[in-house]
Each structure stands twice: as structure tokens, then as C-alpha cells.
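*Asks:* My questions will all concern the structure given below.
The values are calculated or read from the model by the stated rules, or taken from the named source; none is laboratory data. These figures come from a predicted structure and were not determined experimentally. Note that each Cβ is placed from the backbone with ideal geometry, even for glycine, and that neighbours are counted across all protein chains shown.
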């Protein structure tokens, strides 16, 4: 029934609700979709460490698309199968970021751990709560491949929702960060706003759309259907054959809406929207 379709969906506040819990309706609908010939995977800015929390919960039958399109991960074999590393010197890049933006936390999201370079106990608790292993790193010995770095405002608490609470001063600082990166490293780096308090950094040309289209081509699927909620989903949603956004998503005003994420947005796409596409 769904054999021509590749469905890729964002994780936070798309597959999950605002409480970071995956609605049961989504899990049941995904199982139904796969059982009837569809190909499904998660397409997220999350790293391997931050994805371990759902590896055994979410049914997928294609590689996970992680790091905002910078890597493919085989959930069954538990290994990266493709990656697009940042080509800049990690130590020099990270030092410059920390000197330029001393109020922000600079993190490397590796394959094994998330790394910070100065002590932050709230960050440690945040990582543990979200299922990610963490460690303090050495700037001169950054884990390879160097796929993703991120800049954060202060960690308020352990919950993912705190990354969406932002005051105007923080927004202005994050806007300054993205502008500076574009001006100084625009030939090598693309930046994404995964949520208001985070700027993600990746190799130039990486995106959720590029990764999804490459997977679609590799699998020989005719249609790419995508679901997402935030600014780092924009390119993916704009370039998909069919795109949907939870009604409470940050970019909900730009795309066709389904129900709020906590009510089973992905399930609605599978149960209602895809049958409409297929006629």
C-alpha cells in the first residue's frame, strides 16, 4: 500500500509531545505504516548519544538520519554508515567560538559522547536525563569524525522544554552567533536553529533534506513525505514532496498542519494525510 513512500520525521516536538514522550498513537501508526510497505525513519538534529533513548522504542526500517543530515546510523547494527565531517580544525574552531562568545557553552556532539570543555553540572544532569553519555573533552583531541558542534545558552534544568524558553536578549545573541558564523566560516559551515536556545554547526551543504533525498534515491522510493516543527526543519519541509507540521510547531504558519504534537501528529499524517496523497 505504502511501498512508494519514504516518511522521515523530526523527533523532538514532532514524533514526541511537548513532554518529550512519544504518543502511543504515533508508535502504533508507524508499525501499521511499515507493515503495509512503507519506509520510515527519524530525521533529527540529535546525535547518536541523544538518540539512544528511543532506539529500542521507535520502529524504523531505514537508517536514522542524525546530526541534521550529517550522518546515517544503522539502528540495528548500532553503527554509523555515512557521515559528513566538518573540515575546519576542531581545536582552532572551538577556541575561537569560546573566545568570541564567552557567555555561551560550546559543545561537541560526538558518536560516543557529548563533550563540554569547562565544568557544568546542570549540563551533565541534562545529558543524563536525555539519555546521552557525556564527558569533558580536550580541545586538542576532539573525537573524530568531527560532525557537529553546538552553542547553548545557560542550562536552566534537565528538561528539553527549557531549550525553548528564551528571553529577547538570548535571541539577539543567537542571531549574532549565526550571523558571525555565516560571515567568517560560511564557506565551510552551515548553522541551524534546532530550538531557540541552541545553534547547531555542521559541514557546509548538510541538511535534513539532502540526507532524506539521498536515502530516497538509495531506496528507490517515488515520494518523500516529511514532518517537522522547527527552523532546522525548514529546508526539509520546503523540499519534500509533501510536508506537514504539528499545529503547535514553531513553523506551523508555513506548512499544512496536523494536530498538535502531543495528540499524535505523525499518526495523523500516516492515518489521514498519506491516504489522501495516494487517493
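*Asks:* Do you know which residues across the stretch 1-19 are buried (at least 21 other Cβ atoms within 10 Å of the Cβ), touching a strand residue (DSSP E or B) at 6+ places or on another chain (Cβ under 7 Å) and more than 18 Å from residue 194 (Cα to Cα)?
*Replies:* 5, 6, 7
*Asks:* Does any residue of the stretch 2-9 turn out to be over 19 Å from residue 189 (Cα atoms), within 14 Å of the chain's Cα centre (by Cα) and modelled with pLDDT of 95 or more? It would help to see each step written out before you state the result.
*Replies:* Taking the stretch 2-9 as the starting set, the residues that turn out to be over 19 Å from residue 189 (Cα atoms) are 2-9.
Retained after the next criterion (residues that are within 14 Å of the chain's Cα centre (by Cα)): 8-9.
Applying the additional criterion that residues be modelled with pLDDT of 95 or more yields 8-9.
Yes, the conditions are met somewhere in the stretch 2-9.
*Asks:* Please find, within the stretch 250-272, the residue that is surrounded by the most Cβ atoms within 10 Å (Cβ to Cβ) out of those that are in contact with a helix residue (DSSP H, G or I) (Cβ under 7 Å, 6 or more places away or on another chain) and over 19 Å from residue 28 (Cα atoms).
*Replies:* Across the stretch 250-272, the extreme among qualifying residues is 255.
*Asks:* Also, I was wondering about something else. Here is a list: 94, 65. Which entry is over 30 Å from residue 226 (Cβ atoms), crowded, with 19+ Cβ neighbours inside 10 Å and modelled with pLDDT of 95 or more?
*Replies:* 94
*Asks:* Mind listing just one residue for me: the one in the stretch 233-247 that is under 22 Å from residue 23 (Cα atoms) and touching a helix residue (DSSP H, G or I) at 6+ places or on another chain (Cβ under 6 Å) and, of those, surrounded by the most Cβ atoms within 10 Å (Cβ to Cβ)?
*Replies:* Looking at the filtered set, the residue picked out is 246.
*Asks:* With (1) surrounded by fewer than 22 Cβ atoms within 10 Å (Cβ to Cβ); (2) part of a helix (DSSP H, G or I) as the list, and residue 87 as the residue in question, which single condition is left unmet?
*Replies:* (2)
*Asks:* How do the pairs read when you match residues in the stretch 240-253 that are assigned to a helix (DSSP H, G or I) with residues anywhere that are crowded, with 17+ Cβ neighbours inside 10 Å, using Cβ under 6 Å and keeping only pairs 6 or more apart or on different chains?
*Replies:* So the pair list comes out as 252/245.
*Asks:* Out of the stretch 97-119, which residues are crowded, with 17+ Cβ neighbours inside 10 Å and out of contact with any helix residue (DSSP H, G or I) (no Cβ under 9 Å at 6 or more places or on another chain)?
*Replies:* 115
*Asks:* Only one of (1) touching a strand residue (DSSP E or B) at 6+ places or on another chain (Cβ under 9 Å); (2) part of a loop (DSSP other than H, G, I, E, B); (3) modelled with pLDDT of 95 or more; (4) crowded, with 16+ Cβ neighbours inside 10 Å fails for residue 22. Which number is that?
*Replies:* (1)
*Asks:* Scan the stretch 25-48 for residues that are assigned to a helix (DSSP H, G or I) and under 25 Å from residue 131 (Cα atoms) and jot them down.
*Replies:* Within the stretch 25-48, 25, 26, 27, 28, 29, 30, 31, 48 meet the criteria.
*Asks:* Could you identify the single residue in 54, 32 that is over 21 Å from residue 152 (Cβ atoms), surrounded by fewer than 22 Cβ atoms within 10 Å (Cβ to Cβ) and under 21 Å from the mean Cα position of the chain (by Cα)? Walk me through it before giving the result.
*Replies:* Details: 32 fails: under 21 Å from the mean Cα position of the chain (by Cα).
It is 54.
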